[in-house]
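Asker: Can you keep this structure in mind? I'll have questions shortly.
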């Protein structure tokens, strides 16, 4: 069992801490410490998880000497921490996207390879059973030759205006949301796009003092002739019954496959609450374990537990070359970063961008 640290204790950092704290209670990993620049967050998470907290991640590295670290900082702050960890020989799980700059992503990949450590990017959409089924059908040829597809990935407006109000201007709905499906498209099809045409709208959030896109629409074109449109936005009204609305459909010469990853058929409404909620229990669900207490499970948790499996396999003698085909590694994550960068360039210039 190895020592693991977490950097970032905010909204999603809390979920990451829950995942690894559950694994810690089950004896899968030693959740040794976490770090966050906000002392109030440190105090709160120390109390909730009973784990030592630091306001400086370098101090955590020095004192705790973790074998692995999960980086859950804002998108544009991944590079420095991941490179520092790799240079210390620490295995890295980083939240998607790997970086908002391809150059930063390459720096992280180079540092991980040079120091022979795992660089795992948490693209949890790959672990959704419905997406696994879609990939299997595409790869087996059941859809025939892919012709076109469509993706929608949307958040309620509270995400950029409340949850991430301090740094949303450094991101966009494509960087925060669309990149999930940029990666998924590549993972399902095994093909890299070579051109994109995109448009974007800045209106609602700009009126609230947040300088970023409300929505971004991108059509990716592939050498095979396949094309897919991805609509990403984060301005759905607060009355929408789920924090996220998402789905993907693919059409080929021999078939069609659609996955509505928001509407899983579970709807809850209770007196005393303002509205109903469409629940996705496959993503994350707290389950009472007879020995370990309330434990989170679901594909968003499974992806992080899979990181533990990969690090354990490496520590038991597997090489990076042997393991890389089996997890979302840095080179694969660079594909979605380049797709997202090109989409933004197209939206800004009004031109088709080749990459």
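The values are calculated or read from the model by the stated rules, or taken from the named source; none is laboratory data. None of these values were measured; they are calculated from a predicted model. Reconstructed Cβ throughout: ideal geometry from the backbone, glycine too, with neighbour counts over all protein chains shown.
Asker: Checking residue 202 against (1) out of contact with any strand residue (DSSP E or B) (no Cβ under 7 Å at 6 or more places or on another chain); (2) surrounded by 14 or more Cβ atoms within 10 Å (Cβ to Cβ); (3) over 27 Å from residue 344 (Cβ atoms), which test does it fail?
Answerer: For residue 202, the failing item is (3).
Asker: Return yes or no: is residue 334 closer than 18 Å to residue 189 by Cα and in a helix (DSSP H, G or I)?
Answerer: Working: closer than 18 Å to residue 189 by Cα: yes; in a helix (DSSP H, G or I): yes.
Yes; evaluated as a whole, the condition is true for this residue.
Asker: Now, a different point. Given the conditions (1) within 23 Å of residue 79 (Cβ to Cβ); (2) surrounded by fewer than 20 Cβ atoms within 10 Å (Cβ to Cβ); (3) in contact (Cβ under 8 Å) with a residue 12 or more places away in the chain, report the number of the one that residue 324 does not fulfil.
Answerer: It fails just one condition, (3).
Asker: Answer yes if at least one residue in the range 278-296 is modelled with pLDDT of 90 or more and under 13 Å from residue 21 (Cβ atoms), and no otherwise.
Answerer: Checking the range 278-296: at least one residue is modelled with pLDDT of 90 or more and under 13 Å from residue 21 (Cβ atoms).
Asker: Residues of the range 245-296 being part of a loop (DSSP other than H, G, I, E, B) and either in contact (Cβ under 8 Å) with a residue 60 or more places away in the chain or under 22 Å from the mean Cα position of the chain (by Cα) (or both), which ones?
Answerer: Once the filter is applied, which keeps residues that are part of a loop (DSSP other than H, G, I, E, B) and either in contact (Cβ under 8 Å) with a residue 60 or more places away in the chain or under 22 Å from the mean Cα position of the chain (by Cα) (or both), the range 245-296 yields 253, 254, 261, 262, 263, 264, 280, 281, 282, 283, 284, 292.
Asker: Would you pick out the residues in the range 162-186 that are surrounded by fewer than 19 Cβ atoms within 10 Å (Cβ to Cβ), assigned to a helix (DSSP H, G or I) and within 19 Å of the chain's Cα centre (by Cα)?
Answerer: Result: 163, 169, 170.
Asker: Here is a follow-up. Does the range 30-52 contain any residue that is farther than 29 Å from residue 340 by Cβ and in contact (Cβ under 8 Å) with a residue 40 or more places away in the chain?
Answerer: no
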